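To start, the structure under review is shown below, and the notes come after it.
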DNA sequence: CCCGGGGTTTACCAAATTGTTAAGCGTACT
DNA sequence: AGTACGCTTAACAATTTGGTAAACCCCGGG
């Protein structure tokens, strides 16, 4: 389930912006930028980014102030904010965390460190949204999907499914009875970027039916698939 | 950041379930339920609830039996179990504590009492969780990880593992069955700033398997690794 | 009855992941 | 210095998974 994260970059030095921007885009992030705090807040309200990278030292409204302001905005409560700071500006760390920052990145920036740090942050703050366990009770069958253990239990028997099959099943089960169109399935399991052929879903559906039984996944011709438990 | 506690409710009377369920959900708990002992055990294995509320009187497997069975399951050793019993069924108290119950709640149930009782129980549970020693008992093996002594004991035999191997093993064992992605492992064992190559984890995994046996660490392709004890 | 639009299956191949082994490097200990 | 050990990486092998093409089906409409 691939999602494209939006990142807002705030710094007054064009060089830095360009450098970070380049590296983030290469990693597939959607990158926006602003050269000062005021603009940053404006853009943030608009796009509701997942992550904001904020330079501490900026003319006018500095990073700390900007951070505090952003934290006031209710739509952005969930947004992760990280500061960008030169090594040695220790004093700002304390003020930064008080202002509601989630992490610090120190200059000079190494691309690899930057990326892995960002991935870690996004993961840490996203993970909390996913339901770890789904449970389905039918007349004569019980199916449990455990994301954490990556395990599907059918009537007490454990099954280990390959990634795509698991994601597909998890998706269908997440809303029993709901019909997912092929489009939706592609979006949610494969992600908006990846393009695969027409028959790919069918094949995975088939493998699933093979493993969990024919009766659970129902085809609605011309529309899509849905999961049922009866 | 509040953690959502998982509670499993076991009773054969739908009315009771509904009543308690309603009150618990209102308090922000994550509530699961089962109508008999067998199903309760199955669900408990899957979701690893923090608390199980067990009716004593049930058709088939009664509460006492169910409790005993649950106490056998190593992943559920930490789970708090409380019985639900009609006032006056004194005899069952004794049997109940012997079977490993932690507390009793008597019918008729008053919501406020119920909630405060449960909060107290969970509080106690949370405090006891921080242990420097993990112990895992499987069918034909027993593994103990002692952080303080930096020692791993397998079937009574002490092993001294190098730092990375130890940390890796300790991580996996800390949540048996949970699949840790490579990302997570890098984050938690190496830290988000250190960048190491793709094959590094594999090599450590291999060394671990060499030392503690092949069957414990399971690969979930495309996802990560998990520790099992069977 | 035949045809065409999906949907199903199967077989097969390419791509992605993981497993293994061995070698290089650095550090601690002797 | 010499040796041992732990951590990484490199290189290559072994596996698994994912995707596609193509043959097959099923069903409703000419």
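Quick grid of which residues meet (1) in contact with a strand residue (DSSP E or B) (Cβ under 7 Å, 6 or more places away or on another chain); (2) farther than 21 Å from residue B:184 by Cβ; (3) surrounded by 14 or more Cβ atoms within 10 Å (Cβ to Cβ):
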residue	(1), (2), (3)
A:136	yes, yes, yes
A:144	yes, yes, yes
A:151	yes, no, yes
A:158	yes, yes, no
A:161	yes, no, yes
A:164	no, no, yes
A:170	yes, no, yes
A:176	yes, yes, yes
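The listed residues are A:203, A:179, A:189, and the only one of them that is more than 18 Å from residue A:162 (Cβ to Cβ), modelled with pLDDT of 85 or more and not assigned by TED's automatic domain parsing to the domain that holds residue A:28 turns out to be A:179. Considering B:95, B:34, B:86, the condition of being at pLDDT 90 or above and over 21 Å from residue B:120 (Cβ atoms) is satisfied by B:34 alone.
Condition (residue is within 12 Å of chain B (Cβ to nearest Cβ), within 16 Å of DNA strand D (Cβ to nearest atom) and closer than 30 Å to residue A:81 by Cα) applied to region A:156-167: is it met by at least one residue? So far as region A:156-167 goes, yes, one or more of its residues are within 12 Å of chain B (Cβ to nearest Cβ), within 16 Å of DNA strand D (Cβ to nearest atom) and closer than 30 Å to residue A:81 by Cα.
The single condition among (1) away from DNA strand C (no atom under 11 Å from the Cβ); (2) touching a residue at least 24 places away in the same chain (Cβ under 8 Å) that residue B:208 does not satisfy is (1). Counting the residues of region B:175-230 that are farther than 18 Å from residue B:140 by Cα, more than 13 Å from DNA strand D (Cβ to nearest atom) and assigned to a loop (DSSP other than H, G, I, E, B) gives 3.
The values are calculated or read from the model by the stated rules, or taken from the named source; none is laboratory data. Note that the coordinates shown come from a computational prediction; the quantities given were computed from them, not determined experimentally. Cβ sites come from the backbone with ideal geometry, for glycine too, and all protein chains shown count toward neighbours.
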